[in-house]
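The values are calculated or read from the model by the stated rules, or taken from the named source; none is laboratory data. A quick note: this is a predicted structure, and the numbers were derived from the prediction, not measured. Cβ sites come from the backbone with ideal geometry, for glycine too, and all protein chains shown count toward neighbours. These accessible areas exclude ligands, DNA and RNA; they are computed on the full protein's heavy atoms, side chains included. Shrake-Rupley method; radii C 1.70, N 1.55, O 1.52, S 1.80 Å.
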Amino acid sequence: MDHLRELRNRLIKAVLAFAVGAVLGWLLFDPVWDFLKQPYCSLPQSHVVDKDQCSLFVNGIFSSFFLKLKISCIIGGVVSSPFWLYQLWAFVAPGLYQRERRWTYVFLGAAVPLFFVGTALAYLTVDKGLAIFLGFVADDVKPLITVDSYLSYVLTMLLVFGLTFELPLFVVVLNMAGVLSSSRIRRSQRLILFGIFVFAAVATPSADPFTMLALALPTVLLFEIAALLAFLNDRRRARRPDPYAGLADDEVSPLDLESIDAELEKGDRAR
């Protein structure tokens, strides 16, 4: 019950932080919306209705309200992310050993920058994908892009690029955990590279060649870096003596009871 009460308190604090961030997002709606629609407004097709102004359309009475509410919630989640991530970490951390906490810090320290680099690349390629498809519109046809369809396209691009840039990090984590060896990565390298291009073609909402290559090529580069890190880690691990080498399947393995007791005491003090 103590754990459940602590979980309830952490969730309440996280929800309150998210609510405060959403209120802030409501106030910051105009500059954020100008930033999100800028890739579309840079295209000549966005000025076909009004030469002096970028044009997007709504097709419902409540569409404008829900657009503002959706963007406010997104801003609230991003702004309050340090606080609610801390609440999640504060609930989980007492049950982890010191080594597990250290690897968690390393993982988060690499995951957050990779996600934002992916979203930045997606933002830079949004207008290129739109330009390709809007370029097929006939001269006597005016494209009426709705706000909902454009926002869904932009958010999908940001999420797909951001999350895809995390995939090579999972390769490194699996290698560190001893699940995936560098030799297995080398054996499956061609299949993995082919799978990256197939995934990029399927995951990108526009599915145009430029956007697919903009997602696939950096992911391939990150995968090669992850494969190199896995190779170096396996070489480092191979230089260490294996305490379980030469033991039969039914033979008792040596245990360092002193280090285990020390870890248990640290966990008890943390709780």
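Descriptive notes on the structure:
- Accessible surface, per residue, of the stretch 46-118 when the full set of protein chains is kept, probe 1.4 Å, Å²: 66
- Signed unit charges on C-beta, dipole axis of the stretch 1-236, positive-most listed residue SER80, GLN38, GLN189: GLN189
- Helix screen, the chain: DSSP H segments with Cα axial length of 30 Å or more and mean Kyte-Doolittle hydropathy at least 0.0 are 2-27, 98-134, 209-238.
- The chain: Cys lacking any partner C-beta under 4.7 angstrom: CYS73
- Protein accessible area in the chain, 1.4 Å probe - carbon and sulfur %: 68
- Sites TRP89 and ARG184, calculated FRET efficiency, Cβ-Cβ separation with R0 45 Å, nearest 0.05: 0.90
- Counting lysine pairs in the chain whose alpha carbons fall under 23 angstrom apart, excluding pairs fewer than 8 residues apart on the same chain, gives 9.
- C-alpha center-to-center spacing [the stretch 1-53, the stretch 143-179] in angstrom: 18
- Potential extension, GLU166-SER149 segment - 0.36 nm per residue separation minus Cα distance: 3.5 nm
- Amide hydrogen neighbours beyond the local backbone of PHE57, cut-off 5 Å, H modeled: ILE145, THR146, VAL147
- Note on LEU16 and ASP52: with the Förster distance fixed at 45 Å, the Cβ-Cβ geometry gives a FRET efficiency of about 0.55.
- Sequence-separation-based contact order of the chain, relative, with Cα cut under 8 Å and 6+ spacing, percent: 21
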